[in-house]
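The values are calculated or read from the model by the stated rules, or taken from the named source; none is laboratory data. The structure displayed is predicted, hence computed values, not measured ones. Don't worry about glycine lacking a Cβ; one is built from the backbone with ideal geometry, like all the others, and counts go over all protein chains shown. Accessible surface is based on the protein model in full, side chains and every heavy atom, while ligands, DNA and RNA are left aside. Shrake-Rupley method; radii C 1.70, N 1.55, O 1.52, S 1.80 Å.
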Amino acid sequence: MLVDSHCHLNFPELVQNMDQVLESMQSNQVGHALCVSVTLDKFPEVLAIAEQYPNIYASVGVHPDYENIQEPTVDGLVSLANHARVVAIGETGLDYFRLTGDLEWQRARFRTHIRAAKATGKPLIIHTRNAAEDTLRIMQEEGAAEVGGVMHCFTESWEVAQAAIAMGFYISFSGIVTFKNAVALKEVAQKVPLGSMLVETDSPYLAPIPFRGKTNQPAYVRHVAEEIARLREVPLQQIVEATTANFFNLFKHAQPCN
């Protein structure tokens, strides 16, 4: 069974169709999914889904794209993460693509999340876009290697992947790896050690081929795994087994359902 290591099931496109989403997961052999928090005000929705469905887990964090909202604190994140269904801190990180100007607040927020992760012992879910150098620098300065985590929806270079893996982080591939123009990313997917790889959808966004442009859902993580198997010229089952084992090795608070 596959695991979708990163999705947003509380978003309107998916939460209003949860029965169908769960049925599609089952029919595509996707056994579990991690519903990822992006703001504190919506965290109760994320947690409620994880509490209702035993094969769905939750994270707590504030995405770097959101300015002028409730700012997280270390103590606040630690308190919210003190729940059996919360398996990770994030998503957090840096995004210099969507926002410009003085982004020191983003870097401070990122540091807050890393400190909370170290305090809870729960791994990080890291978003980085056009900010790899600063992302890796802050990870090193704050000791992110102590808890590890995942570089989600990875689109960076092989050199960035190597640096993250050296700090004990996993590299997660989304539907982007199925896009024809993602040549460099396909090469990274061929190089990342199987023991350091995860797969995800980031749904409802970034639907893989052949659903590109449509609403994404956790069931479609199968197409991500199939593309990686094709690129590496290995059986699909090898990618399924590795990425599922990696998920539960990383997110140790997530208990697999039979």
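Annotation: lysines with alpha-carbon distance below 17 angstrom to LYS191 (same-chain offsets under eight excluded): none found. In loop segments of the stretch 27-102 as defined by DSSP, the chymotrypsin sites (Phe, Trp or Tyr not before Pro) with at most 11 further C-beta atoms inside 10 Å of their C-beta are PHE97. Rounded to the nearest 20, the size of the Cβ-charge dipole of the chain about its Cα centre is 420 debye, with Lys and Arg at +1 and Asp and Glu at -1.
3J(HN,Hα) along the stretch 145-155, derived from phi through the Karplus expression 6.51 cos²θ - 1.76 cosθ + 1.60 where θ = phi - 60°, amounts to 4, 5, 10, x, x, 9, 8, 7, 6, 5, 9 Hz, with x in place of Gly and Pro. Placing unit charges on the Cβ atoms of the charged side chains and taking the dipole of the chain about its Cα centre, the candidate lying farthest along the positive direction among SER24, TYR170, GLN190 is GLN190. Across the accessible surface of the chain, with the other protein chains kept in place and a 1.4 Å probe, carbon and sulfur atoms take up 49 percent.
Would you work out the relative contact order for the chain, in percent, from Cα pairs under 8 angstrom that are 6 or more residues apart?
The value is 21 percent.
For the stretch 44-51, putting each phi into the Karplus relation 6.51 cos²θ - 1.76 cosθ + 1.60 with θ = phi - 60° gives couplings of x, 5, 4, 5, 4, 5, 5, 6 Hz, in residue order, rounded to whole numbers and with x for Gly and Pro. Positive end of the dipole of the chain (Cβ unit charges, origin at the Cα centre): among LEU99, ILE69, VAL240, the Cα lying farthest that way belongs to VAL240.
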